[in-house]
Amino acid sequence: MSKSAPPLTVIDPAAGVPCCPPMAQSRVPAEAAALLAQAFKALGDPIRLQLMSMIASAPGGEACVCDLTPAFDLSGPTISHHLKVLREAGLVDAERRASWVYYRARPALMRQLATLLTVDEPATAPV
């Protein structure tokens, strides 16, 4: 059984093309901003940012809740709440296997967020 939030549809993940150019180059369309803001808001909490990092960097690309929970001095329900927020923001997918839930990062959305924040350094004239 796979528990997954409806994906944020800002880009076609198969195409790998960002929804919009970096915000330093042009204005972010209102629809894209509304969707992307959900993901940034979810990552705005230190616990969720740590969970996202643990999931994204996990061997094999996925992490079991059984490995995530002991890393924090929080109750299981609190960790589950934070993971639910990440799921609802479209940052992770979840899959139940027996009694455990495994989380996998959604790299397409992570690439969108990174692209949006990309700032090219201005060229400097040689001295």
- Are any residues in the range 94-118 open to solvent by 50 Å² or more (accessible area, probe 1.4 Å) and either among the hydrophobic types (A, V, I, L, M, F, W, C) or closer than 25 Å to Ala32 by Cβ (or both), and if so, which ones? Ala98, Trp100, Arg104, Pro107, Met110, Arg111, Ala114, Leu117, Thr118
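Could you say whether any residue in the range 89-107 is in a loop (DSSP other than H, G, I, E, B), farther than 30 Å from Arg27 by Cβ and touching a helix residue (DSSP H, G or I) at 6+ places or on another chain (Cβ under 8 Å)?
As a first pass, look at the range 89-107 and keep what is in a loop (DSSP other than H, G, I, E, B): 89-91, 98-99, 106.
With farther than 30 Å from Arg27 by Cβ added as a condition, the list becomes 98-99.
Retained after the next criterion (residues that are touching a helix residue (DSSP H, G or I) at 6+ places or on another chain (Cβ under 8 Å)): none.
No - not one qualifying residue is present in the range 89-107.
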- Task: Answer yes or no: is there a residue in the range 34-45 that is in contact with a Phe, Trp or Tyr (Cβ under 9 Å, 6 or more places away or on another chain), open to solvent by less than 40 Å² (accessible area, probe 1.4 Å), within 28 Å of Ala24 (Cα to Cα) and not in a strand (DSSP E or B).
- Result: no
- Note on the structure: Expected output for the range 50-64 (first residue open to solvent by less than 10 Å² (accessible area, probe 1.4 Å), partner outside any helix (DSSP H, G or I) and of a type in the set (Asp, Glu), Cβ below 8 Å, 6+ apart or cross-chain) is Ile55/Glu62
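The values are calculated or read from the model by the stated rules, or taken from the named source; none is laboratory data. Worth saying up front: this structure is predicted, and the values here are computed from it rather than measured. Glycine gets a Cβ as well: all are built from the backbone with ideal geometry, and neighbour counts include every protein chain shown. Side chains included, ligands, DNA and RNA excluded: accessible areas come from the protein's heavy atoms. Shrake-Rupley method; radii C 1.70, N 1.55, O 1.52, S 1.80 Å.
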